[in-house]
Amino acid sequence: MAESDWDTVTVLRKKGPSAAQAKSKQAVAAAQRRGEELETSKKWAAGQNKQHLVTKNTAKLDRETEELHHSRVPLEVGKVIQQGRQNQGLTQKDLATKINEKPQIIADYECGKAIPNNQVMGKIERAIGMKLRGKDIGLPLEAVPKKK
């Protein structure tokens, strides 16, 4: 019995809180009350299914310098849209409703502020019955059979 050491004490404790419990609002509030240091980090786009990659070209286009800029709809095309719309007795809102777009898009196309989108241009062409693309801008839209 001489080998037993009566001064040694072994203390058994519970495990600390799990990671989920440590991150809960209650645990954070309790740690703040105790005056402990907390480390917080904001995760960018956490929980979203989106990946926005910004490239150098995108940033340059956003600044829009003279040598690198978005191409806009020519004013000639805007005038043709306006003329075709008025020939059919449509307002900008009526035309927008007819092609399932917002009225602001029609306004942007007519004043030359819009960045051309072939789908929207095709819808407008069919609605007003005039060509807006190619070398025949302003001519009536004709159904040309496709060559095989």
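The values are calculated or read from the model by the stated rules, or taken from the named source; none is laboratory data. Here the structure is a predicted model, which is why all the values come from computation and not from measurement. Cβ placement follows ideal geometry from the backbone for every residue including glycine, while neighbour counts extend to all protein chains displayed. In case anyone asks, the SASA skips ligands and DNA or RNA and just uses the protein heavy atoms, side chains included. Shrake-Rupley method; radii C 1.70, N 1.55, O 1.52, S 1.80 Å.
Tabulated results
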read-out: Where a residue in the range 87-99 is in contact (Cβ under 8 Å) with a residue 24 or more places away in the chain and its partner, wherever it lies, is open to solvent by less than 60 Å² (accessible area, probe 1.4 Å) and assigned to a loop (DSSP other than H, G, I, E, B), with Cβ under 9 Å and at least six apart; value: Asn87/Gly129; Gln88/Gly129; Leu95/Glu101; Lys98/Leu90
read-out: Tally, over the range 108-123, of residues that are in contact with a Gly (Cβ under 7 Å, 6 or more places away or on another chain) and either aromatic (Phe, Trp, Tyr) or within 14 Å of Gln92 (Cβ to Cβ) (or both); value: 3
read-out: Count of the range 1-39 residues which are open to solvent by 100 Å² or more (accessible area, probe 1.4 Å), modelled with pLDDT of 75 or more and either in contact with a helix residue (DSSP H, G or I) (Cβ under 7 Å, 6 or more places away or on another chain) or outside any loop (DSSP other than H, G, I, E, B) (or both); value: 5
read-out: Only one of Lys131, Lys60, Lys42 that is modelled with pLDDT under 85, in contact with a Leu (Cβ under 9 Å, 6 or more places away or on another chain) and of a type in the set (Lys, Arg); value: Lys60
